[in-house]
Every structure is written in structure tokens, then in C-alpha cells.
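The values are calculated or read from the model by the stated rules, or taken from the named source; none is laboratory data. Just so we're clear, the structure is a prediction, and the values are computed from it rather than from any experiment. Every residue, glycine as well, gets a Cβ built from its backbone with ideal geometry; the counts of neighbours run over all protein chains shown. Keep in mind that these areas ignore ligands, DNA and RNA; they rest on the heavy atoms of the full protein, side chains included. Shrake-Rupley method; radii C 1.70, N 1.55, O 1.52, S 1.80 Å.
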Amino acid sequence: ISDIDSSYINGSNVVAYAAKTNTDFSTVSDLEVFYYSNGSITRLSENEVADYSVNFLDNELYWISDTSVLCATNGGTETVKTAISGLESSVSGIKTVKNGNGAKVIVWEQTSDATSKLFGSYYNPTTEDFGNAIPLTTGADVIRGWDACMMSDGKIQLSYGGAEELETPVDGNIYGQMN
């Protein structure tokens, strides 16, 4: 199991997880998403790409599948749909957050050229789609661990450990202190 999340939906505790489906540990391309509810397990993905970073938000389950974020409602009993497409292949994880006013956003980390950026995509209830990716950080850091929340005004607040790249390496290290 590479990722796991749980929620309480319609009076039941549910669990979603991403797990390998074979014993070839030289690749993670066969990670699939599973959903446990009411004593049974449902496999939500079965494809040739890695499915990972499971996140519940209300009765919706979100996860990364190749270069997209997919969404299943009520344990996949309704159609699995694409929430966001066209992500870089370097996306390592997502967080789904919602504020007290019901606004929601998907936040993700993307690595490029040894630096990291956090992006967000807000949900538009009128079009029932997530919008364009918005950069939330400058990309001058290497991010180690992060979390996000959304304030009542819709602004996203982030907390993360980041090390800036040094102009001159020190003892062979190109990154400075973690802050």
C-alpha cells in the first residue's frame, strides 16, 4: 500500500488506498485504487498507469492517475470522472481541501529541474469543473512535506518545509537549510 485515506460517508467508515497488484517491485506503474466500505472492497482502477495519492473530500474520492486527477463519488457507484487533466508527470501528491463556505480546491506538488512548485485548481460550481492551474509558490524551493487549507475568503494557506538552492554549493550540497 502506497497511500491510504479514510472518511465517514453516509453513516459508514470508508477507506481508500493505492496498492501494487503484482510482485514486480521494480516499477510502480501497476498501482491501483481500492475502496473499502461495508465489509467489501471495490477496485476503482485497472489500467497500465500508476494510480496514487488518494484523498477524500466529503463523499468524493480523488486520486492521481497518470497525468490526471480522477474523482469517484459514493465509492465509485457513480461514474468515475476526470477532475483535472494535463498534469506534469512529476506530480507527487494531491490534497483536496474545502472551506466553511463550501468552496473547494485541489492542491498538488510538481517537481521540475530539482525544484518544486505547489499549484492549485479551484472548483467552479456553475460549470461543475475545476479551473486552470494556479501557481501557489515560486518554484525556488525543494519541498519536503506540505499541507494546505482554504480560508473563508478562498485564499489557500500552505505550510511546507523548503530548502533553497544555493548559488555556490557547500561541501557538495546544492541546497541550503530547510525552513
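Below, the figures for the structure above:
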| quantity | calculated |
| --- | --- |
| Vicinal HN-Hα couplings computed from phi for region 110-126 (Karplus, 6.51 cos²θ - 1.76 cosθ + 1.60; Hz; Gly/Pro x) | 9, 10, 8, 6, 6, 10, 10, 9, 10, 10, x, 9, 7, 8, 9, x, 5 |
| Alpha-carbon centroid distance for the pair region 124-143 / region 74-103, whole angstrom | 12 |
| Carbon plus sulfur fraction of accessible area for the chain, probe 1.4 Å, in percent | 46 |
| Approximate spin-label separation THR127-LYS155, in nm, with each point projected 7 Å along Cα-to-Cβ | 2.5 |
| Average accessible area per residue (Å²) across the chain - probe 1.4 Å, nucleic acids and ligands excluded | 55 |
| Sites THR111 and ASN38 - FRET efficiency at Förster radius 45 Å, r taken between beta-carbons, to 0.05 | 0.75 |
| For the chain, size of Cβ-based charge dipole, Lys and Arg +1, Asp and Glu -1, in debye | 540 |
| Selection from ILE4, GLY154, SER92, by position along the positive dipole direction of the chain (Cβ) | GLY154 |
| Residue-by-residue Karplus 3J(HN,Hα) for region 30-46, coefficients 6.51, -1.76, 1.60, Hz, glycine and proline x | 10, 5, 10, 9, 10, 10, 10, 7, 6, x, 10, 10, 10, 8, 8, 10, 7 |
| Expected-Rg normalisation [2.2 N^0.38 Å, Cα atoms] applied to the chain | 1.11 |
